[in-house]
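Colleague: The structure follows.
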Amino acid sequence: MSAAAAKPILYSYFRSSCSWRVRIALALKGISYDLVPVNLIKDGGQQFSAEYKALNPMQQVPALKIDGITISQSLAIINYLEETHPNPRLLPQDPKKRAQVRMIADHIVSGIQPLQNLSVLKQMGEKKMEWAQNCITSGFQALEQILQHTAGRYCVGDEVSMADLCLAPQVANAERFKVDMGPYPTITRINKALLELEAFKISHPSRQPDTPAELRA
């Protein structure tokens, strides 16, 4: 079997929201893959191994080996899947809606998630819970306002888009950091609708091969 024809390999950590985004995209597009767990905590962080660094110099998950190339960065991966497997569509055809989807996705992947990820929280010491809550709260205040203008059943209208792939994992982070979701009814409503979808269920952190027994659904 040539490298291009081999089954895709996803390097993932069950709890990583960036990995979850990609798992949802693969599930929605019906792409079967092999999963290689990279434990971000065990052994001082398996992402720091020389072997993994060769695969992804940023030493982060996810990374996807597909069609003979290795791609890191969740949105780059999702965009590649979108271009090579266009059905179902994760970016609307209408340029304005497409811009809104990208805006919401960027808002989460640049404006919220990196500020409260593992590497940043390690630097925060005692203050990490408070720091994570503040980052998510300020991001969600803006996001709630944006979604009141763009949302239908999901983030932008009634079709699942790349924005939704970013939203559900970020809400899971918020819940993990005990953020009060009361002020964000639109985010909460959309998230609830998303978690009812099969692709979001099977890709959920509680249902991964590397999910610890006590966190399994």
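The values are calculated or read from the model by the stated rules, or taken from the named source; none is laboratory data. All figures in this text were calculated on a predicted structure; none of them were measured in a lab. All Cβ positions, glycine included, derive from the backbone under ideal geometry; neighbour counts span all protein chains shown. When the accessible area is computed, the model is the full protein with side chains, heavy atoms only, and any ligands, DNA or RNA have been set aside. Shrake-Rupley method; radii C 1.70, N 1.55, O 1.52, S 1.80 Å.
Colleague: When the residues of the range 66-84 are narrowed to those that are among the hydroxyl-bearing types (Ser, Thr, Tyr) and either assigned to a helix (DSSP H, G or I) or not assigned by TED's automatic domain parsing to the domain that holds residue 17 (or both), which ends up nearest to residue 106 (Cα to Cα)?
Modeller: 74
Colleague: Only residues that are open to solvent by 90 Å² or more (accessible area, probe 1.4 Å) and over 25 Å from residue 96 (Cα atoms): list them for the range 114-150, please.
Modeller: Listed by number, the residues that qualify are 122, 123, 126, 127, 128, 130, 131, 134.
Colleague: In addition: Test residue 162 against the criterion of being outside the structural domain of residue 22 (by TED's automatic domain parsing), among the hydrophobic types (A, V, I, L, M, F, W, C) and either over 18 Å from residue 75 (Cβ atoms) or surrounded by fewer than 20 Cβ atoms within 10 Å (Cβ to Cβ) (or both), and give yes or no.
Modeller: Numbers: outside the structural domain of residue 22 (by TED's automatic domain parsing): yes; among the hydrophobic types (A, V, I, L, M, F, W, C): yes; either over 18 Å from residue 75 (Cβ atoms) or surrounded by fewer than 20 Cβ atoms within 10 Å (Cβ to Cβ) (or both): no.
When the stated conditions are applied, residue 162 does not pass them.
Colleague: Considering only residues that are closer than 19 Å to residue 205 by Cβ and either surrounded by fewer than 12 Cβ atoms within 10 Å (Cβ to Cβ) or aliphatic (A, V, I, L, M) (or both), which ones fall in the range 10-33? Steps first, answer last, please.
Modeller: Within the range 10-33, the subset closer than 19 Å to residue 205 by Cβ is 10-28, 33.
Hits for the range 10-33 are 10, 22, 24, 25, 26, 27, 28.
Colleague: If you don't mind, another one. Just need a number here: residues in the range 177-196 that are free of Cβ contacts under 8 Å to residues at least 40 places away in the same chain and within 18 Å of the chain's Cα centre (by Cα).
Modeller: The number of residues fulfilling the criteria is 5.
Colleague: Can you tell me which of 71, 77, 31, 66 is in contact (Cβ under 8 Å) with a residue 40 or more places away in the chain, closer than 26 Å to residue 164 by Cβ and in contact with a strand residue (DSSP E or B) (Cβ under 6 Å, 6 or more places away or on another chain)?
Modeller: Being in contact (Cβ under 8 Å) with a residue 40 or more places away in the chain, closer than 26 Å to residue 164 by Cβ and in contact with a strand residue (DSSP E or B) (Cβ under 6 Å, 6 or more places away or on another chain) holds for just one of 71, 77, 31, 66, which is 77.
Colleague: Being assigned to a strand (DSSP E or B), of a type in the set (A, V, I, L, M) and either within 25 Å of residue 29 (Cβ to Cβ) or in contact with a strand residue (DSSP E or B) (Cβ under 6 Å, 6 or more places away or on another chain) (or both): is that true of residue 108 here?
Modeller: The answer is no for residue 108.
Residue-by-condition table, conditions (1) outside any loop (DSSP other than H, G, I, E, B); (2) under 25 Å from residue 176 (Cα atoms):
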| position | (1), (2) |
| --- | --- |
| 7 | no, no |
| 15 | no, yes |
| 19 | yes, yes |
| 27 | yes, yes |
| 32 | no, no |
| 47 | yes, yes |
| 61 | no, yes |
| 64 | yes, no |
